[in-house]
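Right, one structure below, let's go through it.
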Amino acid sequence: MSSTNNRVVRTETALGAEAQLAARARQVLRQNDMGDWTRAAPNLYPHQWSWDSAFIAIGLAHLGTRRAAKELLTLFEHQWRTGKVPHIVFNPEAPPDSYFPGPEHWACAAASPDAPPAPPYTSCLCQPPAHAIAALRVWEVAERKGGEGVDEARAFLRQIYPKLLLWHRYLMTHRDPEGSGLVTIYHPWESGTDNSPRWDAALEAVEVGDLPPYPRYDLRHVANPSERPTRADYDRYLWLVKLIKKAGCDEESIYRSHPFLVKDVLFSAIVVAANEALLEIAALVGAEAGDHTLIANWIARGHQGLNSLWDPELGLSLDYDLRAGRPLRARTVAGFAPLVAGRQSTERLETLITALESSAFTGHPWLRWPVPPSTSPLQEGFRRRSYWRGPTWPVVNWLLWWSLLRAGQSERAQRLRQASLQQLVIGGLGEYFDPFTGELLGANDQSWTAAVALDWLATQGCGALRRTATLLQPGRYETIRNGTSDPLGSVRTA
Ligand code: DGY
């Protein structure tokens, strides 16, 4: 499988290995299936996580439209009145000592007038909104397959559309009171990339007060504690949770007093891509023209915000610490945010691809597979076995693959897909991987890893993304934004 420099990737993964991987991925999703929703992983994560569920729905789409739709609809049953989709919905059946901080830790969040009825309890944080991207994918897969799934998918889009709109409105208002086009996060857990060096400087400024002793159940489920965030990280995480709860989960109070307020560049880019998907869903369900204009304006604002966070020297985008009033300089995969947002100039796209393929990322000579480490090995704070400080994450590979396809980079996308699949064939369906050895780290049988594997195996080229690509043509987008064209124009109405 590997050459002397360990980096030659076969153009095709053996068909037998692919079939076995698909069977194993289906088995993982079945095993973690709780009926209407899916555990993120069997032991380490026994609850429903928000952005995990979005990617899980993408995988489930290949197994059946109804169950894929249910995954997202179940999550959105717990949407807050403000539109927020909680980052965790707690499984009332999970043993109390299976995860910390569990439902009892978040129970007081249920006292917020905006919280949904409990139990099940939810956290009051949120995570990147990949949900509209997933909902559109469920539709695309159903449409490609034909049959009764098409009607189910159409009904699903009608049901989920207003919920998605409310969710995005929450992000574009409560999480962006400045109207910058960039989303503010209150906690590294909201980024989904918890202990990334992205947050080191902002977290250092957080002074931790008195905390009662707390358990680390997560450490029971990994081979080595170095794979998870440290005690010092957790102290800060729990302190920030305490402050958010003290503020009654009230957005304005948090914004006034919270010590960790960061404009998250990857989250913001996912919002832009999700708004592109939402715009297409709006057309499919026949939403009012005003919705189209609103969403197109969110997209434009998102691009402006992202442009302001571009670092020409690194050829990457950076997060911005609102408290300190400065960018957070770290070379991580989040820097490829403009690629995820899409619609970049040729020059910017070339710069991003050069950075992606440089020795800072997929071109690093020690990599087992040419897939991007979560943190560049050239970045201070890189640790190859520690959660988001170095390991490679299949779901990030999926996001970049999908983004490359949308950018018309199908050969590059195909190479990334092949390397990612080979990593999973050899390494298993783990949560994350040592970038140098390919060793599986974190949880085994991670649902979103199984899900993206299924999606890759079902998608050879960019056919499934054709409509999205059409929407990315600048001319058409501009006319929607200015309200000068019929937004339903060339897109079929469901
Ligand atoms: C965890 O427990 O590791 C999660 O990322 C927090 O949501």
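The values are calculated or read from the model by the stated rules, or taken from the named source; none is laboratory data. Since we're looking at a predicted model, the values are computed, not measured. Note: ideal-geometry Cβ built from the backbone for every residue, glycine included; neighbour counts use all protein chains shown.
The rows are residues; the columns are (1) more than 12 Å from the ligand (Cβ to nearest atom); (2) under 23 Å from Ala135 (Cα atoms); (3) of a type outside the set (S, T, N, Q); (4) not in a helix (DSSP H, G or I).
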| site | (1), (2), (3), (4) |
| --- | --- |
| Gly16 | yes, no, yes, no |
| Leu21 | yes, no, yes, no |
| Arg24 | yes, no, yes, no |
| Arg30 | yes, yes, yes, no |
| Gly35 | yes, yes, yes, yes |
| Pro42 | yes, no, yes, yes |
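Can you pull out the residues in the range 83-106 that are more than 22 Å from the chain's Cα centre (by Cα), among the hydrophobic types (A, V, I, L, M, F, W, C) and within 19 Å of Tyr186 (Cβ to Cβ)?
Trp106
Which residue, of Leu243, Leu316, Leu309, is more than 22 Å from the chain's Cα centre (by Cα) and modelled with pLDDT of 95 or more?
Leu243
What number of residues within the range 426-450 satisfy the criterion of being more than 23 Å from Pro46 (Cβ to Cβ), charged (D, E, K, R) and in contact (Cβ under 8 Å) with a residue 60 or more places away in the chain?
Adding up the residues that qualify gives 1.
Filter the range 49-68 down to the residues that are among the hydroxyl-bearing types (Ser, Thr, Tyr) and either more than 14 Å from Asp33 (Cβ to Cβ) or surrounded by fewer than 24 Cβ atoms within 10 Å (Cβ to Cβ) (or both), then identify the one that is farthest from the ligand (Cβ to nearest atom).
Among those residues, the one meeting the criterion is Thr65.
Restricting attention to the range 307-340, report how many residues are of a type in the set (A, V, I, L, M, F, W, C), touching a strand residue (DSSP E or B) at 6+ places or on another chain (Cβ under 9 Å) and part of a helix (DSSP H, G or I).
The qualifying residues number 4.
Show me the helices (runs of 4 or more DSSP H) found entirely inside the range 106-214 where at least 3 residues are over 28 Å from Gln379 (Cα atoms) and more than 16 Å from the ligand (Cβ to nearest atom).
131-145, 149-173
Give me the residue from the range 90-99 that is within 12 Å of the ligand (Cβ to nearest atom) and not polar (S, T, N, Q) and, out of that set, surrounded by the fewest Cβ atoms within 10 Å (Cβ to Cβ).
Result: Tyr99.
Considering only residues that are assigned to a loop (DSSP other than H, G, I, E, B) and of a type outside the set (Gly, Ala, Ser), which ones fall in the range 215-234? Reasoning before the result, please.
First pass over the range 215-234, keeping only residues assigned to a loop (DSSP other than H, G, I, E, B): 215-216, 222-224, 228-230.
Answer for the range 215-234, where residues must be assigned to a loop (DSSP other than H, G, I, E, B) and of a type outside the set (Gly, Ala, Ser): Pro215, Arg216, Val222, Asn224, Arg228, Pro229, Thr230.
For the range 432-464, how many residues are in contact with a Leu (Cβ under 7 Å, 6 or more places away or on another chain), within 19 Å of Trp49 (Cβ to Cβ) and of a type outside the set (Gly, Ala, Ser)?
4
For the range 229-239, does any single residue satisfy the condition of being in contact (Cβ under 8 Å) with a residue 24 or more places away in the chain, within 16 Å of the ligand (Cβ to nearest atom) and hydrophobic (A, V, I, L, M, F, W, C)?
The answer is yes; a qualifying residue exists.
If the requirement is being surrounded by fewer than 22 Cβ atoms within 10 Å (Cβ to Cβ) and of a type in the set (Val, Ile, Thr), which of these qualifies: Thr184, Thr230? Explain how you work it out, then say what you get.
Working: Thr184 fails: surrounded by fewer than 22 Cβ atoms within 10 Å (Cβ to Cβ).
That would be Thr230, the only listed residue that is surrounded by fewer than 22 Cβ atoms within 10 Å (Cβ to Cβ) and of a type in the set (Val, Ile, Thr).
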